[in-house]
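The values are calculated or read from the model by the stated rules, or taken from the named source; none is laboratory data. Computed from a predicted structure; not experimentally measured. Quick reminder, even Gly has a Cβ in these numbers, built from the backbone with ideal geometry, and neighbours come from all protein chains shown. The accessibility values were calculated without ligands, DNA or RNA, using every heavy atom of the protein model including side chains. Shrake-Rupley method; radii C 1.70, N 1.55, O 1.52, S 1.80 Å.
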Amino acid sequence: MVDLAPFEEYCEFGGDRVYLLLAIARAKENEDRPSGDSPTFRRVVEAEGDLAATADELAHAASRFDAHHRLYLTVNARDALGATFELKRSLDDWIEGRIHGDEGVRGKFKRVDREFLSTLQSDGSRDETNFLFDLDDATAADRDRLRSRLAEHTTVSLERETPNGYHLVTEPFDYNRLETDVAYELKTDGLVFVSYLGE
């Protein structure tokens, strides 16, 4: 069973804010499967207290496939209303294209639900700008050194051990002023590792 308490504390709901929870079968962990044959599942987490039920739903969906899935949460809340308006603009474009003979948009009308999830996950639909510091092949000492340097500039909101290192989530700040010898990748709208599914 996944410990979701840190994520329940991290997530801030209200208004039109939602998060996306994703089950991803990464290619390098599923080498026996043909490329593109590992599905990704996405679900919207609408309110406080929904994380566990949504994680269970994703675990059930992923269990139908012979693949290793990782569970991730969007670092930034999403603006559901803004994403709806963006999808509406896209629908208008698809309709106009279809009227003018664009056969390529025909399939989009059959998967509007998935198009909405893609729109919701896009950078333009984020409702905040938290940073994700991804430390690959890092030790606990590396994590501690970076966390200490980050504390001089911002608040570390969430910390998570990943299969390859650590994720540190912070409030936004001028990261150009951050000086550290710890190697990291900064993501301004990434996915934070939650757990493996089925373990």
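In region 7-53, which residues are part of a strand (DSSP E or B) and closer than 18 Å to Asp113 by Cβ?
Those that are part of a strand (DSSP E or B) and closer than 18 Å to Asp113 by Cβ: Val18, Tyr19, Leu20, Leu21, Leu22, Ala23, Thr40, Phe41, Arg42, Arg43, Val44, Val45.
Just give me the residues in region 135-150 being in a helix (DSSP H, G or I), in contact (Cβ under 8 Å) with a residue 12 or more places away in the chain, open to solvent by 60 Å² or more (accessible area, probe 1.4 Å) and farther than 24 Å from Glu12 by Cβ, in sequence order.
Arg145, Arg149
Looking only at region 70-81, decide whether some residue is more than 16 Å from Phe193 (Cα to Cα), touching a residue at least 24 places away in the same chain (Cβ under 8 Å) and open to solvent by 30 Å² or more (accessible area, probe 1.4 Å).
Among the residues of region 70-81, at least one is more than 16 Å from Phe193 (Cα to Cα), touching a residue at least 24 places away in the same chain (Cβ under 8 Å) and open to solvent by 30 Å² or more (accessible area, probe 1.4 Å), which makes the answer yes.
Suppose the filter is in contact (Cβ under 8 Å) with a residue 40 or more places away in the chain, touching a strand residue (DSSP E or B) at 6+ places or on another chain (Cβ under 9 Å) and not aliphatic (A, V, I, L, M); does Arg160 pass it?
Here the answer is yes, as Arg160 does meet what is asked.
Show the residue pairs meeting these rules: Cβ distance below 9 Å; 6+ apart or different chains; first residue within region 113-134 and part of a helix (DSSP H, G or I); second residue among the charged types (D, E, K, R) and open to solvent by less than 30 Å² (accessible area, probe 1.4 Å).
As it stands, the answer is Leu120/Arg78; Gln121/Arg78; Ser125/Arg78, since those pairs meet every condition given.
How do the pairs read when you match residues in region 171-199 that are farther than 14 Å from Arg149 by Cα with residues anywhere that are of a type in the set (Phe, Trp, Tyr) and open to solvent by 80 Å² or more (accessible area, probe 1.4 Å), using Cβ under 9 Å and keeping only pairs 6 or more apart or on different chains?
Leu186/Tyr175
In the list Ala77, Ala25, Ala67, which residue meets the criterion of being small (Gly, Ala, Ser) and at pLDDT 95 or above?
The unique qualifying residue is Ala77.
Which members of region 97-134 meet the condition of being of a type in the set (Val, Ile, Thr) and surrounded by fewer than 15 Cβ atoms within 10 Å (Cβ to Cβ)?
Those that are of a type in the set (Val, Ile, Thr) and surrounded by fewer than 15 Cβ atoms within 10 Å (Cβ to Cβ): Ile99, Val112, Thr129.
Among the numbered criteria (1) small (Gly, Ala, Ser); (2) open to solvent by 40 Å² or more (accessible area, probe 1.4 Å); (3) touching a helix residue (DSSP H, G or I) at 6+ places or on another chain (Cβ under 6 Å), which single criterion is violated by Gly49?
Of (1) small (Gly, Ala, Ser); (2) open to solvent by 40 Å² or more (accessible area, probe 1.4 Å); (3) touching a helix residue (DSSP H, G or I) at 6+ places or on another chain (Cβ under 6 Å), only one is false for Gly49: (3).
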